[in-house]
Amino acid sequence: MLRYVTFSLFLALALPVLAAPVTEIRVVGSERVEAETIRSYLPFKVGESFDEAQTGAVVRSLFATGLFANVELAQDPSGAVTVQVVENPLVNRVVFEGNKEVNRERLEEITQLKPRAIYSPAKVQADVQALQAAYRARGRFTTQVNAQLIQRDQNRVDVIYAIKEGEKTRIADISFVGNRKFSDSDLSAVIATKTSAWWRFLSSNDAYDPTRLEVDRDLLRRFYLQRGYADVQVTSAVAELSRDRKDFVITYTIFEGPQYDFGTVNMALQAEAEGLDMASLQPVVTLKPGELFDAKRVDDTTDKLIDALGSRGFAFLDVKPSYQKNEAERRVDITYAITPGPRVYVNRINIEGNTRTRDNVIRRELRLAEGDAFSSEKVKRSQDRLTYLGYFEKAEIARAETDQPDRMDLNVKVKEQSTGEFNIGAGYSTYDGLLTTANVRERNFLGRGQEVGIDYALSQRQQNFNLSFTEPYFMGQPLAVGGDVFNTRTDYQDESGYDTAVNGGAFRLGFPLDEFTRNDVRLGLKETKIEGIGSNANRFVRMEKLDRTALSLANTWAYDTRDSILNPTRGVRVAATGEYAGFGLDTSYLRGNLNGAYTYSIWEDWALTVGGRLGVIEPLGDDLPIYEHFMGGGQDMLRGFEYGGIGPRDRATNDALGGKYLVGHTVDLVFPISNALNELGVRGVLFTDGGMVTEFDRQSSAIIDDQTYRITAGAGLNWRSPIGPLRLQLGVPLVKAEGDREQIFSFAVGTRF
């Protein structure tokens with residue numbers, strides 16, 4: 001009897017936890033969400049067993065969708081399961097109140113909740129934190145944000161973010177503790193955070209931002225590591241708010257430690273790599289024992305080794321430097337461990353950020369396609385090619401893992417910039433009088449990568465017009481086809497008693513020879529008329545034919561490894577052009593031009609460019625037209641002089657005649673001025689130019705040909721402004737000759753159109 005009672009009691013206790021079969025699934029309370037969608041989250045179907053232990057997991061999974069404010073699950077004795085839900089309301093509108101320092105458009109970008117989105121408390125909390133962070137970044141550290149809800153009909157709500165903007169908290173002082181080798185002023189120049197000053201009104205770096213302190217710690221650490229301090233530690237960065245809660249005092253505590261030199265520098269292959277000659281990699285490693293330790297040089301060498309391995313066909317080898325410090329001898333031994341990695345292929349290439357530029361314009365610049373073996377070198381080259389286009393302010397290619405270990409996605413992220421330019425110039429000289437120029441150019445017409453340009457210049461003596469078009473990928477092939485139509489009229493009546501009118505056109509064809517080399521061919525036809533010759537014309541003009549026609553064929557070979565066409569930071573460009581004019585017409589000559597420039601990054605954001613040019617023209621007929629001679633000066637050759645401001649000229653009239661030979665050089669140093677201006681896209685430039693034009697085609701004592709090599713120097717600003725690139729330059733002649741025409745100031749501004 002006792003055994004029977006015990007078994008009955010056990011059965012009665014066990015029955016409630018046994019899974020009961022489901023006879024029906026009811027969904028109650030759903031209005032916008034389909035009942036079938038809710039059923040898809042359930043781990044059981046009609047006819048299957050329902051275990052009450054699953055209830056918690058089901059409720060959590062439905063809550064995770066963000067669609068519901070409440071979820072309840074129950075099974076009645078008949079086996080029917082009821083899912084009772086309360087849907088989160090729809091957002092009717094999002095309102096910001098109290099914002100004066102940050103406009104509504106910017107706040108809308110920051111917040112997640114949008115009209116017609118699903119409301120959830122978690123999103124509101126995230127928005128509040130994002131809004132407070134945005135104000136902190138602007139120095140308003142005490143800003144308070146409160147979210148308020150207004151219920152509307154049809155399960156809708158208005159979300160109101162009430163903002164109480166705090167006073168702008170500034171940085172009163174920045175101090176450093178523990179720095180013995182470098183002064184406070186040296187370290188202040190390193191960090192991004194700055195003390196408040198009236199001239200920093202365009203910057204937010206003088207406002208307290210906790211995240212910026214972490215950036216500063218890293219900047220300080222890298223500063224010391226680049227100068228041999230391998231033990232450096234930035235132990236703390238503390239910000240203390242003043243009693244009136246208006247200013248912060250920031251203190252960085254640093255342990256410098258001793259300086260170290262490089263010890264032994266080795267490479268170690270961790271596994272067999274068939275065909276790899278380690279000796280061929282040795283020139284890449286330029287670190288020498290006894291040199292001052294520099295962590296940046298170690299990282300740069302790592303990148304160079306990866307690139308070198310990729311160029312030798314070993315794109316799947318990884319390079320990792322290891323450090324071994326010898327504290328007694330103050331040396332750091334470096335070993336570059338070269339480890340074979342798995343062979344990986346490109347799965348998908350995703351393009352983001354191009355609102356205007358078409359995908360195919362971007363894809364044709366990539367050196368990797370879907371299905372290709374991954375190569376870090378080709379990724380780097382693809383990124384350079386995208387930057388070189390000049391269509392994008394930023395172009396980055398990032399790797400992303402997939403569910404297949406031998407496949408990876410490439411995410412191409414671009415940020416478009418103005419590709420239309422409207423360059424204008426103005427000036428005055430005793431030769432040209434008032435001068436205005438305009439240049440309208442679109443390098444990415446309709447997002448197709450086509451280039452359209454209109455050039456116009458008007459002065460008291462000249463009027464130029466040129467229309468050009470280029471299709472860089474004709475018929476889907478890397479074949480650039482383009483044409484030009486031009487008209488130029490020049491009035492020399494006041495100076496020399498004649499006018500010129502030039503009309504013509506040209507056809508262009510270009511194609512790549514390899515990754516960095518291309519060839520361009522140009523066939524041009526032009527008619528030049530000399531009109532209105534007056535009594536003041538110089539003798540050389542009176543000797544000219546009044547009407548000449550020239551048919552010319554030019555070929556340009558160019559080698560270009562620069563990372564950007566507009567603002568290069570590294571690379572080489574060399575171009576050689578040979579031109580023949582003749583073909584039985586009355587103008588015949590041979591012309592040669594050679595141009596070269598080398599750009600080198602001497603420091604982070606500091607780029608040095610050294611360039612040179614050489615030009616020669618020789619007549620094949622009786623004489624060379626005066627207008628075919630090289631003219632010296634101008635913004636493109638010799639800043640500080642006008643175009644045609646140097647070179648042979650008529651002794652009596654001081655008219656520029658030009659020369660058969662041209663030589664020149666230029667040196668540009670582009671550098672950041674300050675962190676504030678750097679954020680705005682402003683760079684400084686220091687330059688020195690040199691050049692000479694000599695030997696007019698006809699020998700005469702009436703010609704002044706001072707063969708002095710002119711030199712100028714100057715400074716300027718390059719600004720990537722909201723309306724486009726702006727360049728302002730001041731050039732001063734250091735070496736000049738009598739009769740030269742100077743132009744101290746020049747500028748050009750670009751804009752979107």
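Residues in the stretch 570-580 that are over 25 Å from Phe630 (Cβ atoms) and surrounded by fewer than 19 Cβ atoms within 10 Å (Cβ to Cβ): 1 in all. Please work out if Ile617 is open to solvent by less than 70 Å² (accessible area, probe 1.4 Å) and in a strand (DSSP E or B). So Ile617 passes the test.
Of the residues making up the stretch 108-155, those that are assigned to a loop (DSSP other than H, G, I, E, B) and open to solvent by less than 40 Å² (accessible area, probe 1.4 Å) are Thr111, Leu113, Ala117, Tyr119, Ser120, Gly139, Arg140, Thr143.
Among residues of the stretch 365-407 being in contact with a Pro (Cβ under 9 Å, 6 or more places away or on another chain) and under 15 Å from Arg348 (Cα atoms), the one that is least open to solvent (accessible area, probe 1.4 Å) is Asp406. Hey, could you check the stretch 209-236 for residues that are acidic (Asp, Glu) and surrounded by 14 or more Cβ atoms within 10 Å (Cβ to Cβ) and say which is nearest to Ala137 (Cα to Cα)? The qualifying residue nearest to Ala137 (Cα to Cα) is Asp209.
Annotation note: of Asp303, Asp299, Asp261, the sole residue that is closer than 30 Å to Asp186 by Cα, under 36 Å from the mean Cα position of the chain (by Cα) and at pLDDT below 85 is Asp303. Filtering the stretch 557-603 to residues that are in contact with a Ser or Thr (Cβ under 8 Å, 6 or more places away or on another chain), part of a loop (DSSP other than H, G, I, E, B) and not polar (S, T, N, Q) leaves Arg562, Asp563, Pro568, Arg570, Gly582, Leu585, Asp586.
None of Gly427, Gly482 is touching a Phe, Trp or Tyr at 6+ places or on another chain (Cβ under 8 Å), outside any loop (DSSP other than H, G, I, E, B) and at pLDDT below 70 except Gly427.
Considering the conditions (1) more than 30 Å from Leu309 (Cβ to Cβ); (2) surrounded by fewer than 13 Cβ atoms within 10 Å (Cβ to Cβ), Glu272 is excluded by exactly one of them, (1). Here are Asp706, Asp623, Asp605, Asp650: which of them is surrounded by 19 or more Cβ atoms within 10 Å (Cβ to Cβ), of a type in the set (D, E, K, R) and in contact (Cβ under 8 Å) with a residue 24 or more places away in the chain? So the residue among Asp706, Asp623, Asp605, Asp650 that is surrounded by 19 or more Cβ atoms within 10 Å (Cβ to Cβ), of a type in the set (D, E, K, R) and in contact (Cβ under 8 Å) with a residue 24 or more places away in the chain is Asp650. Leu590 fulfils the conditions (1) buried (at least 16 other Cβ atoms within 10 Å of the Cβ); (2) farther than 30 Å from Leu726 by Cβ; (3) in contact with an Asp or Glu (Cβ under 6 Å, 6 or more places away or on another chain); (4) at pLDDT 90 or above except for a single criterion, (1). For the stretch 504-553, the tally of residues that are assigned to a strand (DSSP E or B), open to solvent by 20 Å² or more (accessible area, probe 1.4 Å) and touching a residue at least 60 places away in the same chain (Cβ under 8 Å) stands at 0.
Of all residues in the stretch 46-66, those satisfying the criterion of being open to solvent by 50 Å² or more (accessible area, probe 1.4 Å) and among the aliphatic types (A, V, I, L, M) are Val46, Ala53, Ala57, Ala64. Here Thr556 meets the list (1) in contact with a helix residue (DSSP H, G or I) (Cβ under 9 Å, 6 or more places away or on another chain); (2) open to solvent by less than 50 Å² (accessible area, probe 1.4 Å); (3) under 26 Å from Thr599 (Cβ atoms) almost entirely, failing just condition (1). The combined condition, being closer than 23 Å to Gly66 by Cα and touching a strand residue (DSSP E or B) at 6+ places or on another chain (Cβ under 8 Å), is not fulfilled by Gln129. The set of residues in the stretch 168-193 being within 12 Å of Phe223 (Cβ to Cβ), of a type in the set (Ser, Thr, Tyr) and more than 32 Å from the chain's Cα centre (by Cα) is empty.
The values are calculated or read from the model by the stated rules, or taken from the named source; none is laboratory data. Values in this document were obtained by computation on a predicted structure and should not be read as measured data. Using ideal geometry, Cβ is built from the backbone for each residue, glycine included, and neighbour counts are taken over all protein chains shown. Quick note on the areas: whole protein, heavy atoms, side chains included, nothing else; ligands and nucleic acids left out. Shrake-Rupley method; radii C 1.70, N 1.55, O 1.52, S 1.80 Å.
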